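Everything below concerns the one structure shown next.
The values are calculated or read from the model by the stated rules, or taken from the named source; none is laboratory data. Remember, it's a predicted structure, so these values are computed and weren't measured experimentally. Methodologically, a virtual Cβ is constructed for each residue, glycine included, from the backbone with ideal geometry; neighbour enumeration extends over all protein chains shown.
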Amino acid sequence: MIHINIGSNLDSNHGTRFENINLAINLLIDSKVEIIRISNFYETPSYPNQNFPRFLNVGTLVNYKQNYLDLLSKINLIEKKLGRVRTKKNDPRIIDIDIIDFKSEVMKTKKITLPHPKCHLRNFVLYPILQIDPNWSHPILRKNVRFLINKLSQKSRIQITRLKKNVNIQL
């Protein structure tokens, strides 16, 4: 299976943060990415600058027949289409789409590191995974998602809110 995390902390000409994420998922579907499960929306403070707008994130469990580089290329096109401008690291952004885990592959290239190098430290990645794939284990650490959540700081565990709002997708 493949895990993709999608986040937004800026509204755009496409709409709100929610609408940015909805549109990104629909564009993934248009790109022949099969969506299997989608988490609820989760909201967290912006990191590391909590004065920036709050982030919305969803986790998705997907299937994709091509390789990770092809998927990454599609993701970069979707981010560009939605108006993402890469500025300083951790600046606010309209959309951020990350491959968290691609079929448990482990690799590090100039273009991508798999699994995502900080996924095990991020509440906004782990909680959506727990919701949609509770048996997932980190491909390198070989630790279950519940174990990884328990390793997060208390602050990180209370700074995330699962919203009672779901993605609207057009299948």
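Some points to look at:
- Positions within the stretch 97-111 being surrounded by fewer than 19 Cβ atoms within 10 Å (Cβ to Cβ) and within 12 Å of Ile75 (Cβ to Cβ), in sequence order: Asp98, Lys111
- Looking across the stretch 1-22, the residues that are surrounded by fewer than 22 Cβ atoms within 10 Å (Cβ to Cβ) and of a type in the set (A, V, I, L, M) come down to Met1, Ile2, Leu10.
- Residue in the stretch 149-164 that is under 25 Å from Lys74 (Cα atoms) and either among the acidic types (Asp, Glu) or touching a residue at least 24 places away in the same chain (Cβ under 8 Å) (or both) present: no
- Single condition Thr113 does not satisfy, out of (1) of a type in the set (Ser, Thr, Tyr); (2) within 19 Å of Thr161 (Cβ to Cβ); (3) within 15 Å of the chain's Cα centre (by Cα): (2)
- Matching option when the condition is more than 15 Å from the chain's Cα centre (by Cα) and at pLDDT below 95, among Lys103, Lys143, Lys108, Lys89: Lys89
- Considering only residues in the stretch 20-62 that are basic (Lys, Arg) and either in a helix (DSSP H, G or I) or within 17 Å of Lys165 (Cα to Cα) (or both), the one that is nearest to the chain's Cα centre (by Cα) turns out to be Arg37.
- Qualifying residues in the stretch 120-146 (those that are assigned to a helix (DSSP H, G or I) and in contact (Cβ under 8 Å) with a residue 60 or more places away in the chain) - the one nearest to Ser8 (Cα to Cα): Phe124
- Test: residue in the stretch 45-52 that is out of contact with any Pro (no Cβ under 7 Å at 6 or more places or on another chain), surrounded by 22 or more Cβ atoms within 10 Å (Cβ to Cβ) and either farther than 14 Å from Ile94 by Cα or touching a residue at least 60 places away in the same chain (Cβ under 8 Å) (or both): no
- Count of the stretch 150-171 residues which are under 16 Å from the mean Cα position of the chain (by Cα) and buried (at least 18 other Cβ atoms within 10 Å of the Cβ): 2
- Hits in the stretch 2-51 - residues which are on the phi > 0 side of the Ramachandran plot and acidic (Asp, Glu): none
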